[in-house]
Amino acid sequence: MHKKWMSLGMMSGTSGDGVDVSIINSNGIDQYESLKDKYFEYDSDIYKDIHNIKEKIHSIEHLNKFKKELENLERKLTIFHAKAVKEFNISEDTIIGFHGQTIYHNPIQKISKQL
């Protein structure tokens, strides 16, 4: 018999409007049970900040140019996501996966920036 793992996954999409959170139990191989799914909509300030900064970044150089704005947004997003996770009342041995909110992606240069 395989051990069961509790896993929490978070996904924010290109739309930058919020984050989907799901928690499952799984043996990590061929069995899983979905326990809870919930969507958390970003507040209007975070939504505006995401889309404003994405409009400004068109090259890798812009990541440095707007570094302070990116750091401030990253802090807001981290707090937002932490509150979403907290609402799930997970145990300390829960596995959490989250790729971050994509701000810039350039497959030719093989660069992607997530907050």
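The values are calculated or read from the model by the stated rules, or taken from the named source; none is laboratory data. All values reported here derive from a predicted model rather than from experimental measurement. Cβ placement follows ideal geometry from the backbone for every residue including glycine, while neighbour counts extend to all protein chains displayed. Just so you know, the surface numbers come from the protein's heavy atoms only, side chains and all, with ligands and any DNA or RNA stripped out. Shrake-Rupley method; radii C 1.70, N 1.55, O 1.52, S 1.80 Å.
For region 67-98, enumerate the residues that are open to solvent by less than 90 Å² (accessible area, probe 1.4 Å), within 16 Å of G18 (Cα to Cα) and either free of Cβ contacts under 8 Å to residues at least 40 places away in the same chain or assigned to a helix (DSSP H, G or I) (or both). Within region 67-98, L73, E74, K76, L77, T78, I79, F80, H81, A82, A84, V85 qualify. Cβ-Cβ contacts under 7 Å between residues 6 or more apart (or on different chains), taken from a first residue in region 1-19 that is under 18 Å from S44 (Cβ atoms) and in contact (Cβ under 8 Å) with a residue 60 or more places away in the chain to a second residue that is open to solvent by 60 Å² or more (accessible area, probe 1.4 Å) and part of a strand (DSSP E or B), are listed as V19/M11. If the condition is being among the β-branched types (V, I, T) and farther than 14 Å from H58 by Cβ, then region 90-111 contributes I90, T94, I95, I96, T102. If you go through region 77-101 and keep only what is among the small types (G, A, S) and at pLDDT 90 or above, you end up with A82, A84, G97. Among strands (runs of 3 or more DSSP E) entirely within region 1-53, having at least 3 residues that are of a type in the set (F, W, Y) and either surrounded by 14 or more Cβ atoms within 10 Å (Cβ to Cβ) or in contact with a helix residue (DSSP H, G or I) (Cβ under 7 Å, 6 or more places away or on another chain) (or both) singles out no element at all.
Residues being without any contact (Cβ under 8 Å) to a residue 60 or more places away in the chain, open to solvent by 60 Å² or more (accessible area, probe 1.4 Å), out of contact with any helix residue (DSSP H, G or I) (no Cβ under 7 Å at 6 or more places or on another chain) and closer than 29 Å to I24 by Cβ: count how many of those fall in region 99-114. Residues in region 99-114 being without any contact (Cβ under 8 Å) to a residue 60 or more places away in the chain, open to solvent by 60 Å² or more (accessible area, probe 1.4 Å), out of contact with any helix residue (DSSP H, G or I) (no Cβ under 7 Å at 6 or more places or on another chain) and closer than 29 Å to I24 by Cβ: 2 in total.
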